Amino acid sequence: MIKTVQPYRSTPTQPRFSARFIRHWMGSAVFFFWLAAIFGTLMRYYFVNEVPFLEYKHLLHAHSHVALLGWAYPLVSGALLFLLLQHSRWLTKYRYLLGLNMISAVGMAVFFLYQGYGLYSISFSAVHLLSAYAFAYYFLQDLAAQPPGVHRRFVRWSIYWLLVSTLGLWAIGPVSALLGKLHPLYFASIQFFLHFQFNGWLTYAIVGLWLFHIKRSGKSVAVSTTGFWLLQASLLLTYALSVTWSTPLSVIFYLNTLGVLLQVVAFYLILRPVFIAANPFKRPDDWTDMLFLFGVLCLLLKVTVQTAVALPAVAEISYTIRNYVIGFIHLITLGAITLTGVSLLLKSGLLPQNTLAQAGWLLLLAAFILSELVLFGQGTLLWLRQGFVTYYYEILFGVTALFPAALTVILVGFVRSNLLDSS
């Protein structure tokens with residue numbers, strides 16, 4: 001059953017987010033997660049059998065846009081709204097933004113499948129960008145009215161990096177028109193967006209939500225200011241790795257090396273007091289704790305993997321072996337972002353915790369772990385020049401098919417919860 005979280009502080013002059021609005025926001029996010037999982041499974045099936053009615057690149061674009069903008073964006077933005085605020089004078093505006101998010105996600109799903117990058121798909125992407133700008137404007141005002149806390153700096157900067165990341169998208173059109181889609185600057189623009197989405201907007205928001213969760217549980221934690229600004233510097237410097245494959249200059253490798261080393265120091269300074277105040281690796285009390293534990297573990301693995309690419313030889317391997325690239329992207333989106341964000345929403349009653357939901361999320365966790373083992377395992381074999389595992393593509397397809405299966409169970413649990421709440 002979904003319930004409205006008890007307010008962090010009383011603000012009787014501002015309207016409160018209703019349970020119905022929360023259900024609509026989070027339910028639409030889970031639906032697009034399910035749709036992205038179906039697209040991802042079809043992509044795996046391409047390597048098993050022919051799919052004559054769909055073009056692979058179009059399917060890839062539909063999957064990536066729906067996963068990032070239809071699932072990850074509303075998941076994190078919804079968590080920020082419903083966990084941190086609970087009240088807002090902009091409630092009507094957020095309702096309109098939910099509608100725009102859903103319309104843009106449907107449009108991107110349909111038209112990226114139909115035409116790939118084209119007039120209609122880009123138009124719906126632009127609608128999403130404009131709605132994200134509006135969300136940032138209203139949310140930052142709401143955030144400024146909230147009680148102070150160590151989480152606020154991370155949350156505020158997550159919004160700033162969300163805005164910065166979109167500069168890469170706006171650059172794609174002019175760059176492709178003037179220089180062509182094979183120019184290094186075209187790929188650099190795409191990587192600019194992805195880098196500041198994954199490592200800026202989404203990562204900062206998740207850390208901020210984690211810190212808020214600790215504060216709400218009654219524990220205090222002081223986060224190093226030095227660590228925060230070192231993290232900022234590392235975020236800028238590690239963008240260098242994103243362009244090394246198209247511009248493999250030595251100076252770019254060195255900038256990335258400096259960035260990942262600063263990141264290690266930054267996360268040590270930031271997370272050390274967090275682990276002292278609330279160690280996430282203690283024995284889990286329930287299944288939501290298990291999801292949270294794996295989410296935090298994925299965040300730490302993200303930092304560890306990025307640290308390994310401080311060595312130029314490892315950096316080259318990291319972007320030339322596609323299995324590693326896909327595995328790393330999933331480590332962030334499905335692991336650090338999805339598992340951590342979902343667990344916090346479940347703990348707060350913002351996602352249903354019925355039997356079906358539990359079975360679905362645990363199955364999704366199993367699917368994630370298995371898919372990462374398959375991707376990184378096969379990537380390592382390619383690195384060692386040992387070739388492919390027998391029936392590799394069939395195995396990967398079977399494992400990937402667990403994602404839409406898990407999300408179908410979750411959606412059924414979501415619908416049943418809504419029916420019970422309405423009765």
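The values are calculated or read from the model by the stated rules, or taken from the named source; none is laboratory data. Treat the numbers as computed from the prediction; the structure is a model and nothing was measured. Note that we place each Cβ from the backbone using ideal geometry, even for glycine, and neighbour counts take in every protein chain shown. Each accessible area value is taken on the protein alone, full model and side chains, heavy atoms only, with ligands, DNA and RNA left out. Shrake-Rupley method; radii C 1.70, N 1.55, O 1.52, S 1.80 Å.
A few remarks follow.
- Once the C-beta distance of Leu119 and Ala277 is scaled by a Förster radius of 51 Å, the resulting FRET efficiency is 0.50 to the nearest 0.05.
- Surface analysis of the chain yields an accessible area of 44 Å² per residue, using protein heavy atoms and a 1.4 Å probe.
- Reachable lysines from Lys93, criterion Cα separation under 24 angstrom, eight or more residues apart if same chain: Lys3
- Multiplying the residue separation of Asp289 and Val264 by 0.36 nm and subtracting their alpha-carbon distance yields 6.5 nm.
- Carbon/sulfur fraction of accessible area - the chain, other protein chains in place, 1.4 Å, %: 69
- All lysines inside 16 Å of Lys215 as judged from Cα atoms, apart from same-chain residues fewer than 8 positions distant: Lys347
- Summing Lys and Arg as +1 and Asp and Glu as -1 over all other residues whose Cβ lies under 13 Å from the Cβ of Ile159 gives a net charge of +2.
- The aspartates and glutamates within cross-link reach of Lys302, meaning a Cα-to-Cα straight distance under 19 Å and a gap of 8 or more places when in the same chain, are Glu316, Glu372.
- Each label point was placed 7 Å from the Cα along the Cα-to-Cβ direction; for Tyr133 and Ala359 their separation is 4.6 nm.
- Based on C-alpha pairs under 8 angstrom that are at least 6 apart in sequence, segment 219-280 has a relative contact order of 52 percent.
- Full-stretch length increase - Lys57, Tyr392 - with 0.36 nm per residue and alpha-carbon distance subtracted: 118.5 nm
- Between Thr307 and Lys219, the distance separating the two model label sites (each 7 Å from Cα on the Cα→Cβ line) works out to 2.1 nm.
- Legend: calculated FRET efficiency, Gln232 to Leu178, from the Cβ-Cβ distance at R0 = 30 Å, rounded to 0.05, equals 0.45.
- Gyration tensor (alpha-carbon) shape descriptor, segment 267-423, a/c threshold 1.5: oblate
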